[in-house]
Structures are given as C-alpha cells and as structure tokens.
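Visitor: Sharing a structure, written as structure tokens. Questions coming.
The values are calculated or read from the model by the stated rules, or taken from the named source; none is laboratory data. If you're wondering where the values come from, they're calculated on a predicted model, not measured in any experiment. So basically every Cβ, Gly included, is an ideal-geometry build from the backbone, and we count neighbours across all protein chains shown. Just so you know, the surface numbers come from the protein's heavy atoms only, side chains and all, with ligands and any DNA or RNA stripped out. Shrake-Rupley method; radii C 1.70, N 1.55, O 1.52, S 1.80 Å.
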Amino acid sequence: MTANVVILDYGSGNLRSAERAVARTGADVTVTSDLALAAAADGLVVPGVGAYAACMAGIDELGAGPVIAERVAAGRPVLGICVGMQIMFESGVEHGLETKGLGLLPGSVTRLRAERIPHMGWNTVTVPAGSTLLAGLPEDARFYFVHSYAAQDLAALAPATVTTAAHDEPFAAVVERGALSVAQFHPEKSADAGYALLTNWVATLR
C-alpha cells in the first residue's frame, strides 16, 4: 500500500519543495491545514522556517499542538524539519525572548556558539548506531543547513538516537525518539542524501 503523508500548512515552511521531495519517495502527499487529515495520515511532516516564536504562533493559531502530541503519544510517525524540529523542544530562546515549544523533546533551542552565524551550507553528520533515518548512508554524506539556533544540550536527549553535526561546537542534527523524528537540516534541499533520509522515513509508514 502507498503511504499517505500530510505536510502541515500552518503558515510556515518550504511547503511545495517538501511536497515534491516526499512525493519522490512514492508516498501520496497532501499539503493541508486540515487537522483531521493531519491526525489520520500515515505520516505527518511539520516543516518550519524563520523565527521560533512565529512558527509556534502559527501552530497555536491552527490548534495543531495537541494533534502532533497525540500522534506521537499513539506511536504515529511525525517528522519535524528545521524550525519544525526546534518547536518540538520545550522552549526556544531568540533575541533574549523565550518561547514555549511543544515539549515533545527535552531541552531548549538556543543560539549557536559559533564565530560565523548563521550556519549555512553543506555539512557532514556523525550518525550513531541504530539510526533508522540515516541507515545506509555513507559516512561522508552531506546535508544542507540554514540556521542560527539549535538544540545543543545533547545529554538531555538521552536515550533518544541523536545524530550530531558541528559548527564550531556540536549540536543535534537529527533526533529519533519513538514515533517522533526531527532534522535540523533541510532534507528537501539535500539532494540524494536528503532523498535517502525521506525514503527511510516513508518506509517506516508502511
């Protein structure tokens, strides 16, 4: 059977590029703000670009938080991308303002401790044993990042499967915990490596 994937439209994210990238895996993809469809889909993608607070405002205005949380609690797959990853954490701190997140992952998203901000461009990642999303990828696989903030308290994420990247200092590039998978980079902009990640995720939906 073909997996049905909903890309959540809450006013933020590279919706059409994400739609094309997921559809390339063979999934049946719908971009929608309909929460009933989001709840019923085999897989839900939560994209996000821009400011943490703005993305959370969009989620709150749509009322999508409980749907995302209920899916994760029920073991129904959710994939967060970029700021869509960040809002899964307990909070985000930008320009001195702390914004409450969805609280599905422990810790806070904070400004990168790096000389050059934003972290923009291609970077390798360090994949731990047991990763489903990055299974089968070569060690030198590169992904496309565009961000100034990240989850940097890696110890707080145990026992999740955490793939790291480094921009002066390490941060969480991918986190896999139960039904929730999140990526700080943009799979839809990451060429064959991104396609492989999305293919691995869609394979878990069948």
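Visitor: Just to make sure I understand: if all protein chains stay in place, what is the order of M1, M120, M85 by accessible area at 1.4 Å, largest first? Don't jump to the answer; show the numbers that get you there.
Guide: Values: M1 210, M120 120, M85 0 Å².
Putting M1, M120, M85 in descending order of accessible area: M1, M120, M85.
Visitor: Tell me which trypsin sites (Lys or Arg not before Pro) from region 78-153 have a DSSP coil assignment and no more than 14 other beta carbons within 10 Å of their own. Before the final figure, lay out the partial values.
Guide: Numbers: sites: K100, R111, R113, R116, R142; in loops: R113, R116.
Taking region 78-153 and a limit of 14 other Cβ atoms within 10 Å, the loop trypsin sites (Lys or Arg not before Pro) found are R113, R116.
Visitor: Excluding A179 itself, what net charge comes from residues whose Cβ is under 10 Å from its Cβ, given Lys and Arg +1 and Asp and Glu -1? Please report the intermediate quantities before stating the final value.
Guide: Working: positive: R71, R76, R177; negative: E176.
It works out to a net charge of +2.
Visitor: Considering only DSSP beta bridges with both partners in the chain, what is the antiparallel share in %, to the nearest 5?
Guide: Values: 25 of 43 bridges.
Approximately 60 percent, going by the DSSP bridge assignments.
Visitor: Quick check: convex hull over the Cα atoms of the chain, volume per residue in Å³, rounded to an integer?
Guide: Working: hull volume 21.5 nm³, N = 206.
So the per-residue hull volume is 104 Å³.
Visitor: So what is log10(I(q)/I(0)) for region 45-106 at q = 0.18, 0.26, 0.30 1/Å, when the Debye sum runs over its Cα atoms only?
Guide: Values, matching the q order: -0.56, -1.16, -1.47.
Visitor: Looking at region 136-182, I'd like the Rg to Rh ratio, where Rg is from alpha-carbon atoms and Rh is Kirkwood's inverse mean 1/r.
Guide: Details: Rg = 11.3 Å, Rh = 11.8 Å.
We get a ratio of 0.96 for region 136-182.
Visitor: Can you quote the Å³ per residue value for the convex hull of the Cα atoms in region 102-206, rounded to an integer? Write out the running numbers ahead of the final one.
Guide: Details: hull volume 10.8 nm³, N = 105.
It is 103 Å³ per residue.
Visitor: Just tell me the longest site-free run in the chain, where the sites are GluC sites (Glu not before Pro) in a DSSP loop having at most 13 other beta-carbon atoms within 10 Å. Could the numbers behind the result be given before it?
Guide: Details: sites that count: E115, E139.
In the chain, the maximal stretch lacking such sites is 1-114.
Visitor: Rounded to a whole number, what % of the accessible area of the chain do carbon and sulfur atoms account for, probe 1.4 Å?
Guide: On the way: 4540 of 8820 Å².
Result for the chain: 51 percent of the exposed heavy-atom area is carbon or sulfur.
Visitor: Keeping every protein chain present and rolling a 1.4 Å probe, give me the accessible area per residue for the chain in Å². Show your work: numbers first, answer last.
Guide: Numbers: 8820 Å² over 206 residues.
That works out to 43 Å² per residue.
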